[in-house]
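Just below is one structure, and these are the notes that go with it.
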Amino acid sequence: MTHGPLIDTHQHPIPEHYKRALASIGIMGSGENPWAEWSVEKQLELMDETGIVAAINSIASPGCYFGDAAFAARLARECNEGAARQVADRPHRFGAFAL
């Protein structure tokens, strides 16, 4: 079966700033899984290999809020700014949802 270009509406980046922030409160992965290696370049490679022309991103679980509103606000802002840069740098490849 052939198909047209694919748009992945459910990708989760795991940027280094997010991993570092969560490590500071003892979170080293999502659920029982350690963080995967992630970069924009690796995401684009995977998209190209699988025929995905565009992706909508939202930050990986478990998110930003863990009982500390100030921490959550700082982390959400940093994640949103990173996502905005990713979209601005490659507007035909990426979209993002704010946290």
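Side notes on the structure shown:
- Restricting attention to the stretch 23-67, the residues that are free of Cβ contacts under 8 Å to residues at least 12 places away in the same chain and more than 13 Å from the chain's Cα centre (by Cα) total 14.
- When we screen G82, G31 for residues that are at pLDDT below 95 and open to solvent by less than 60 Å² (accessible area, probe 1.4 Å), the only hit is G82.
- Test: residue in the stretch 74-88 that is within 14 Å of Y18 (Cβ to Cβ) and touching a His at 6+ places or on another chain (Cβ under 6 Å): yes
- Hey, A84 closer than 28 Å to L6 by Cβ and not in a helix (DSSP H, G or I) or not: no
- Boolean, I56 is assigned to a loop (DSSP other than H, G, I, E, B) and open to solvent by 30 Å² or more (accessible area, probe 1.4 Å): no
- When the stretch 1-28 is filtered for residues that are open to solvent by 40 Å² or more (accessible area, probe 1.4 Å), in a loop (DSSP other than H, G, I, E, B) and over 21 Å from D68 (Cβ atoms), the ones remaining, listed by number, are M1, T2, H3, G4, P5, H12.
The values are calculated or read from the model by the stated rules, or taken from the named source; none is laboratory data. Fair warning: this is a prediction, and the values are worked out from it, not measured in the lab. Glycine gets a Cβ as well: all are built from the backbone with ideal geometry, and neighbour counts include every protein chain shown. We work out accessible area using only protein heavy atoms, side chains counted, and drop any ligands, DNA or RNA first. Shrake-Rupley method; radii C 1.70, N 1.55, O 1.52, S 1.80 Å.
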